[in-house]
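Working notes for the structure below.
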Amino acid sequence: MSEFIEIYNSWSLHQTDNQRVKDVWKELQASLNEWCNEADRTELEEKIDDYSKEIEEQAFIAGYKKAFLLMMEIFDIK
């Protein structure tokens, strides 16, 4: 496992969703409840959850790398 993934995993274990994320998820679930049967809804929720985790991980790593580059710039490290 890469160091980035280990840092991300440590970080993600201690995060809670903010209210906006919770609100969007509730809206999505309401739509899924309206449009899908239980089996399809469960499958879609799992796929959305997997997708969200992948995007979050990629964004975290990209942000971490950017922060490191900014630190190098601040300290004029080449």
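The values are calculated or read from the model by the stated rules, or taken from the named source; none is laboratory data. Model, not experiment: these values are computed from the prediction. Positions of Cβ are generated from backbone atoms using ideal geometry, with glycine treated the same way; all protein chains shown enter the neighbour counts. Remember, those area values only see protein heavy atoms, side chains included, never the ligands or the DNA or RNA. Shrake-Rupley method; radii C 1.70, N 1.55, O 1.52, S 1.80 Å.
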Notebook entry, point to check: If you roll a 1.4 Å probe over the heavy atoms of the protein chains, what accessible area per residue do you get for the chain, in Å²?
Noted result: 86
Next item on the list: Express in whole angstrom the spacing between the alpha-carbon centres of segment 37-73 and segment 1-24.
Entry: 9
Next item on the list: Give a quick list of chymotrypsin sites (Phe, Trp or Tyr not before Pro) in the chain that DSSP marks as loop, anything other than H, G, I, E or B, with at most 11 other Cβ atoms within 10 Å.
Entry: Phe75
Notebook entry, point to check: Using Cα-only point scatterers and the Debye equation, what is log10 of I(q)/I(0) for the chain at each q in 0.14, 0.28 Å⁻¹, rounded to two decimals?
Noted result: -0.65, -1.25
Next item on the list: Using a Förster distance of 22 angstrom, determine the FRET efficiency expected from the C-beta separation of Ser2 and Thr42, and round it to 0.05.
Entry: 0.10
Next item on the list: Run the accessible area of the chain with a 1.4 Å probe and give the carbon-and-sulfur part as a rounded percent.
Entry: 56
Notebook entry, point to check: How far, in degrees from 0 to 90, does helix 3-12 lean away from the longest principal axis of the Cα atoms of the chain, to the nearest 10?
Noted result: 50
Checklist line | Filter on Lys26/Lys66; Lys26/Lys47; Lys26/Lys53 - keep pairs with C-alpha separation over 23 Å | finding: Lys26/Lys66
